[in-house]
Amino acid sequence: MNEKEVICGLYPRVSTEDQVREGFSLDEQEESMKRLCDYKKYKIYKIYREEGVSAKNMKRPKFQEMVQDMKDGKINKIIVYKLDRLTRSIQDLEFICNLLGETNCSLESICEELNTETSTGIFFMRMTTILAQLEIERTSERTKFGLAGAIKKGHLPYRACLGYKHENKMLVPNPLTKDIVVRIFELYHSGMSYQKISNLFNKEKVLGKENWCDSTITTILQNEVYKGDFVHGKRTKNPIYYKDVVEPIVSRELWEECQVQKKKNSRSYIRNLTYLFLQKLKCPHCNRIMGGKATKKKNGNVYYYYYCTDCKCNIKEETIENYIKNFIDDIVEYDSVVNQFFLPMIKQKFENPIEQLEKEIKELKAKDERLKQAYLEGLFLLEDYKKEKKNIDKNIECLKNKIVDAEVSDELRFTSEDILLKRDIDFINKIKYPDKYQDFNKFWKDYTQEEKAELIMRYVDEIELDKVNNKYEVKYVKFRESICKPMTELENQGYLDKKVQIFGNFAGYMRFSEYLPFDKISEHIIRLRQFYDVRFYEAEYYVQDQVFKFELDENKTDIVRVFPMKDYKKMDSQNKKDIHNYGVLYVNKNNELYKASEDVVFKYIPDICDSVTFSREPITIDVKPITYDELYDNEETIVEA
């Protein structure tokens, strides 16, 4: 190679971001560098064209190829359009400077005066790179700041996942698909695996698909968006967590409990037998989750046990079941009366507002018109038009059905007072018709092994054991937040019972409610009296002695409910008063005066038609007065007809 001859490698580079921001393309860079070489009589050895690659590091194919040619002595000068086309990193610049010295190469830029053969030139080149890197970091900060603000407003920079849609650039629940997501979480929460859920969806052809797979279900269950949160850069070293940025589809408690369930399921495998407390029991010695085993006797009975392989301890399933029986009875009652009837109706009213559903139908009809117009203009074939129209019609029909459900829910207008009424009627039914009550209601003993396991899976988080006198006993039961929170709320409102030990002339546990306003209690009594001859009595509770004084005969009276007449939690939170007054609802045991038939009281469902209005003042009724003569004339006319 002639020492005086300058042999160049041209290095044009652009990323998509650079081209948009600064407006120079690869072709423009290449053309400018060729003109420079032609003017200075440089010989071009090769053009290392780097397209769509960032300069944040040196892991660039064409750059590495150019470095190798420098080391091999094939070029002695590098031509770039701007220095930041070569690098934007100070660390990489040091490598390049050292490489230029080692290979006797020089660097020339069209836009900057660079002289890499002097210390001043090297200093200037370093300063230029520092400024370029500073600009990149400032741009990155502005981008991140703007992105954070957008995310906090619900503008997520990704396509909408199942159950959501983009509306005015915001991510909002999609009424057409959000119920599918809710169902996935509830099925998994109840104990179904990813595989069983995907198989079920394929069998039912959910969304018209038969390709549901385990990974799809897993992705949905792990997505924080469904509880209202968003993680930006989830797979990076420094992810950013944004809380409550979109409207959630499932509750935070349900989402978290599914993650706990996922960790437990990772240790499980397919079993032929159903264990009630599998993945729920903790070893009292090592605190590990206990496994299950079963023995089958000659008579065909199966006995279940739980054991810890490390600590060699085991406990019968029957022992645990007997210990938590009282808790389980409450859960069964909650699940059957509240969760499976009232709450879905109330949930329907909040999750599917009629206005939103009607808006969705209007949008789909507009889409249908656009689709029809596009077909008439010949933009696609009749077959494609029919297929798209069929999907639109199906979605409209689905939304119309939801509107009907929402309208029925509005008509029913179930309230927490309805829950209280239904529960008291059921309690009196249990007293008056014990045999039919047993037949009409399903209790824990009536559940199959699979149904019991499903209920435990849904509501119990874990059970801790303890060793007492060489025997293993249940130390405590931790219920899931998804049941504790609503039960506590309903109890605090007085609509779920607390069983309180009563001391005095009545022994045992009684159904106790928190304070309810006088008007609410009065309405409740009036509604109850449509079915049973319910009486009211005011009793005294002696605070210091913790004793009730009832002027009622226990042998002749069944107490339905006890409740404070005043809000003593606020009025006397320190229990400094001597006496608290309590209201008592009761029925006489021997009173055969039933105001409704046996079938009516068992099949009764609260309705707006049986609601009452209680008032201390006379209520004006909007009825037009009529004279006796007018009434007589009307009656006579009817007879003549």
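The values are calculated or read from the model by the stated rules, or taken from the named source; none is laboratory data. In this text the structure is predicted, and so the values were computed from the model without any measurement. Quick reminder, even Gly has a Cβ in these numbers, built from the backbone with ideal geometry, and neighbours come from all protein chains shown.
Leu552 - would you say it is touching a residue at least 12 places away in the same chain (Cβ under 8 Å), in the same structural domain as Asp426 (by TED's automatic domain parsing) and more than 20 Å from Arg423 (Cα to Cα)?
Considered against the rule, which asks whether it is touching a residue at least 12 places away in the same chain (Cβ under 8 Å), in the same structural domain as Asp426 (by TED's automatic domain parsing) and more than 20 Å from Arg423 (Cα to Cα), Leu552 comes out as yes.
So that you can scan it fast, the table gives a plain yes or no per residue for (1) assigned to a strand (DSSP E or B); (2) hydroxyl-bearing (Ser, Thr, Tyr); (3) modelled with pLDDT of 90 or more:
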{"site": "Cys8", "(1), (2), (3)": "yes, no, yes"}
{"site": "Glu17", "(1), (2), (3)": "no, no, no"}
{"site": "Gln29", "(1), (2), (3)": "no, no, no"}
{"site": "Asp38", "(1), (2), (3)": "no, no, yes"}
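Among all residue pairs at least 6 apart or on different chains, which show Cβ distances below 8 Å where the first residue, located in region 443-459, is closer than 17 Å to Val302 by Cα and the second is surrounded by 17 or more Cβ atoms within 10 Å (Cβ to Cβ) and not aliphatic (A, V, I, L, M)?
Taking only residues 6 or more apart or on different chains, the pairs are Gln449/Thr274; Glu450/Thr274; Ala453/Gly191; Ala453/Thr274; Ala453/Tyr275.
Rundown of residues vs (1) closer than 19 Å to Glu397 by Cβ; (2) touching a Cys at 6+ places or on another chain (Cβ under 8 Å); (3) part of a helix (DSSP H, G or I), yes/no style:
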position: His166; (1), (2), (3): no, no, no
position: Leu176; (1), (2), (3): yes, yes, no
position: Asp179; (1), (2), (3): yes, no, yes
position: Ile184; (1), (2), (3): no, no, yes
position: Gly191; (1), (2), (3): no, no, no
position: Asn202; (1), (2), (3): no, no, yes
position: Thr216; (1), (2), (3): no, no, yes
position: Thr219; (1), (2), (3): no, no, yes
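What residue, of Asn301, Asn352, Asn314, Asn322, is outside the structural domain of Glu450 (by TED's automatic domain parsing) and modelled with pLDDT under 75?
On the way: Asn301 fails: modelled with pLDDT under 75; Asn314 fails: modelled with pLDDT under 75; Asn322 fails: modelled with pLDDT under 75.
Answer to the selection: Asn352.
Please pick out the residue among Val181, Val172 that is in the same structural domain as Cys258 (by TED's automatic domain parsing) and modelled with pLDDT under 90.
Just a single option satisfies the conditions, and that option is Val172.
Report every pair of residues separated by at least 6 positions or lying on different chains whose Cβ atoms are under 7 Å apart, first residue within region 304-315 and farther than 15 Å from Asn470 by Cα, second of a type in the set (Asp, Glu).
Tyr304/Glu317; Tyr305/Glu317; Tyr306/Glu317
Show the residue pairs meeting these rules: Cβ distance below 9 Å; 6+ apart or different chains; first residue within region 427-439 and assigned by TED's automatic domain parsing to the domain that holds Val560 and buried (at least 16 other Cβ atoms within 10 Å of the Cβ); second residue hydroxyl-bearing (Ser, Thr, Tyr) and in a helix (DSSP H, G or I).
Asn429/Tyr437
Do the conditions hold for Gln279, that is, is it outside any strand (DSSP E or B), under 27 Å from Thr319 (Cα atoms) and either in contact with a strand residue (DSSP E or B) (Cβ under 7 Å, 6 or more places away or on another chain) or at pLDDT 85 or above (or both)?
Here the answer is yes, as Gln279 does meet what is asked.
Restricting attention to region 74-92, which residues are more than 47 Å from the chain's Cα centre (by Cα) and either within 16 Å of Leu36 (Cα to Cα) or part of a loop (DSSP other than H, G, I, E, B) (or both)?
Lys74, Ile75, Asn76, Lys77, Ile78, Ile79, Val80, Tyr81, Lys82, Leu83
Name the residue that is farthest from Lys569 (Cα to Cα), counting only residues in region 440-481 that are surrounded by fewer than 18 Cβ atoms within 10 Å (Cβ to Cβ) and modelled with pLDDT under 75.
Filtering first and then ranking leaves Phe440.
Look through region 46-93, keep the residues that are polar (S, T, N, Q) and farther than 18 Å from Val6 by Cβ, and return whichever of them is surrounded by the most Cβ atoms within 10 Å (Cβ to Cβ).
Per the stated criteria, the residue is Thr87.
Residue check: is Ile136 in a helix (DSSP H, G or I) and modelled with pLDDT of 80 or more?
The answer is no for Ile136.
Please count how many residues of region 407-426 are surrounded by 21 or more Cβ atoms within 10 Å (Cβ to Cβ), modelled with pLDDT under 80 and acidic (Asp, Glu).
Residues in region 407-426 being surrounded by 21 or more Cβ atoms within 10 Å (Cβ to Cβ), modelled with pLDDT under 80 and acidic (Asp, Glu): 1 in total.
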